[in-house]
Amino acid sequence: MALMAITNLMALLLIGKISIAVLNDYEEQKKAGKDPVFYASRIKGLENVDGWNDESEETKEKRKDA
């Protein structure tokens, strides 16, 4: 039981920075009045993600203009 707890705590420490970055991105989008959408490319330090489609270049340009 203790080994499982230690393993889980180590995993939480490893993903902590990225989790906070994702939360901050979500909150920024909400404050801007947007319907929050997750794009891996918006999160610094998050690389080689296969599970999410990334935003298109057109969407990136629209975001820059907003």
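Here is a yes/no grid of residues against (1) acidic (Asp, Glu); (2) open to solvent by 100 Å² or more (accessible area, probe 1.4 Å); (3) modelled with pLDDT under 90:
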{"residue": "Asn8", "(1), (2), (3)": "no, no, no"}
{"residue": "Gly16", "(1), (2), (3)": "no, no, no"}
{"residue": "Asp25", "(1), (2), (3)": "yes, no, no"}
{"residue": "Ala32", "(1), (2), (3)": "no, no, no"}
{"residue": "Val37", "(1), (2), (3)": "no, no, yes"}
{"residue": "Asn48", "(1), (2), (3)": "no, yes, yes"}
{"residue": "Gly51", "(1), (2), (3)": "no, no, yes"}
{"residue": "Glu55", "(1), (2), (3)": "yes, no, yes"}
{"residue": "Asp65", "(1), (2), (3)": "yes, yes, yes"}
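Within the set of pairs 6+ apart or on separate chains, which have a first residue in the stretch 36-53 that is without any contact (Cβ under 8 Å) to a residue 60 or more places away in the chain, a second that is open to solvent by 100 Å² or more (accessible area, probe 1.4 Å), and C-beta atoms under 6 Å apart?
Pairs found: Pro36/Tyr26; Pro36/Lys30; Ala40/Trp52.
Anything in the stretch 3-25 that is out of contact with any Leu (no Cβ under 7 Å at 6 or more places or on another chain) and touching a residue at least 12 places away in the same chain (Cβ under 8 Å)? List them, or say none.
Listed by number, the residues that qualify are Lys17, Ala21, Val22, Asp25.
The values are calculated or read from the model by the stated rules, or taken from the named source; none is laboratory data. Computed from a predicted model, the values in this text were never measured in an experiment. A quick note on method: Cβ atoms are made from the backbone with ideal geometry, for glycine too, and the neighbour counts reach across all protein chains shown. Remember, those area values only see protein heavy atoms, side chains included, never the ligands or the DNA or RNA. Shrake-Rupley method; radii C 1.70, N 1.55, O 1.52, S 1.80 Å.
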